[in-house]
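The values are calculated or read from the model by the stated rules, or taken from the named source; none is laboratory data. The model shown is predicted, which means the values in this text are computed figures rather than measured ones. For neighbour counting, all protein chains shown are included, and Cβ atoms are generated from backbone atoms with ideal geometry for every residue, glycine included.
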Amino acid sequence: MLVTTTPNIEGKKIVSYLGLFSGEAILGANLFKDLFASITDVIGGRSGAYERELRKAKEIALEEIQAEARQIGGNAVISVVFFFFSVTGTKS
């Protein structure tokens, strides 16, 4: 199934809009990922563990919206937008 962030597909005509879809993925990091990410923050660089978790969340959300679209007869999903939120376990 074609999934795009654009509002249309070049060379294709949108015959009908079937509604809004959403895909959610809530993934938790564990103590070791948090520890290594903290070290990466101090010394600089990228946190591979968190990047893998973000990729996994994106894949899960995409799979969900494609499944929803298929259930009602859709053959493409347009205007996809991703939002990522980070929540820490600390209280202020």
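Of the residues making up region 53-74, just one is acidic (Asp, Glu), farther than 17 Å from SER16 by Cα, modelled with pLDDT of 90 or more and surrounded by 14 or more Cβ atoms within 10 Å (Cβ to Cβ), namely GLU64. Just checking, does region 25-48 include any residue being at pLDDT 85 or above and exposed (fewer than 13 other Cβ atoms within 10 Å of the Cβ)? No; the residues of region 25-48 include none that is at pLDDT 85 or above and exposed (fewer than 13 other Cβ atoms within 10 Å of the Cβ).
No other residue among SER86, SER79, SER22, SER16 is modelled with pLDDT under 90 and either at positive phi or out of contact with any Asp or Glu (no Cβ under 9 Å at 6 or more places or on another chain) (or both) apart from SER86.
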